[in-house]
Amino acid sequence: MKSLILLATFSALLTYSACAQKVYIGCPAQVDTRPNAGLLNKQTVDLVIVDSRTIPANAKIECQGSDVKQVLANFLRSEFPSCKITLLPDTLSASNINGIKITIAITAYQASLSKSEWTGSVNYQVTISDNRNKRVKKIAETINNETTRPNIFGYKAAKKCLFTSFDKSNQDLLAFIEESLKD
């Protein structure tokens with residue numbers, strides 16, 4: 001009888017932990033930059049960042065979408081200091097007639113706990129419209145990065161996974177922008 005109660009308790013705990021997935025959303029730290037002063041020198045860039053994530057109700061949220069968007073915009077401004085980047089509201093769809101428009105949709109920015117491991121996921125859908133020199137060029141790319149760590153230190157491990165994925169996604173974003181906008 002005692003073993004039956006232990007088995008039922010263990011099964012209930014196992015079922016609860018499988019169904020009650022934890023989700024963590026933290027504010028990204030300031031990202032290390034390596035400014036590229038030569039690229040986009042004296043160009044105007046319209047930047048639109050859209051937060052298109054679906055956030056579960058049980059998520060531990062330490063950071064709003066507007067904070068993530070601002071860190072990402074500041075990161076791009078510090079990477080390309082010689083160009084003028086204007087952050088436009090995500091409701092504005094007008095394109096820069098004679099310049100560059102970069103639209104970044106944040107489709108994932110979270111750490112999720114599953115099977116005793118945290119997985120940090122940062123995903124962007126990026127579209128670049130380049131209308132310089134009366135030529136129209138539109139390029140799109142999906143950037144996905146995930147980092148997994150054991151749940152040894154709880155939310156500390158979640159933060160590490162999330163911020164590692166954020167750094168990787170931002171480096172991939174830079175590489176895509178630099179490759180797409182070379183003259």
Residue match in the stretch 138-158 (condition: of a type in the set (Ser, Thr, Tyr) and modelled with pLDDT under 95): yes
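Okay, residues lined up against (1) more than 30 Å from residue 151 (Cα to Cα); (2) aromatic (Phe, Trp, Tyr); (3) without any contact (Cβ under 8 Å) to a residue 12 or more places away in the chain; (4) touching a Phe, Trp or Tyr at 6+ places or on another chain (Cβ under 7 Å):
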site: 42; (1), (2), (3), (4): yes, no, no, no
site: 50; (1), (2), (3), (4): yes, no, no, no
site: 58; (1), (2), (3), (4): no, no, no, no
site: 63; (1), (2), (3), (4): no, no, no, no
site: 85; (1), (2), (3), (4): yes, no, no, no
site: 106; (1), (2), (3), (4): no, no, no, yes
site: 111; (1), (2), (3), (4): no, no, no, yes
site: 115; (1), (2), (3), (4): no, no, yes, no
Test: residue in the stretch 78-87 that is touching a helix residue (DSSP H, G or I) at 6+ places or on another chain (Cβ under 7 Å), open to solvent by 30 Å² or more (accessible area, probe 1.4 Å) and of a type in the set (A, V, I, L, M): yes
Selection within the stretch 162-183 - charged (D, E, K, R) and open to solvent by less than 50 Å² (accessible area, probe 1.4 Å): 178
Matching residues in the stretch 37-61 - criterion: being within 15 Å of residue 111 (Cα to Cα), modelled with pLDDT of 90 or more and in contact with a helix residue (DSSP H, G or I) (Cβ under 9 Å, 6 or more places away or on another chain): 53, 60
Scan of the stretch 139-161 for residues that are assigned to a helix (DSSP H, G or I) and crowded, with 19+ Cβ neighbours inside 10 Å, ordered by number: 157, 158, 159, 161
Every residue from the stretch 128-138 that is without any contact (Cβ under 8 Å) to a residue 60 or more places away in the chain, surrounded by 12 or more Cβ atoms within 10 Å (Cβ to Cβ) and outside any strand (DSSP E or B): 131
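Per-residue answers, yes or no, for (1) among the basic types (Lys, Arg); (2) at pLDDT 90 or above:
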| residue | (1), (2) |
| --- | --- |
| 12 | no, no |
| 22 | yes, yes |
| 28 | no, no |
| 71 | no, yes |
| 110 | no, yes |
| 127 | no, yes |
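The values are calculated or read from the model by the stated rules, or taken from the named source; none is laboratory data. Predicted, not measured: the structure shown is a model, and the values here were computed from it. A quick note on method: Cβ atoms are made from the backbone with ideal geometry, for glycine too, and the neighbour counts reach across all protein chains shown. Protein only, heavy atoms only, side chains kept; ligands, DNA and RNA dropped before computing areas. Shrake-Rupley method; radii C 1.70, N 1.55, O 1.52, S 1.80 Å.
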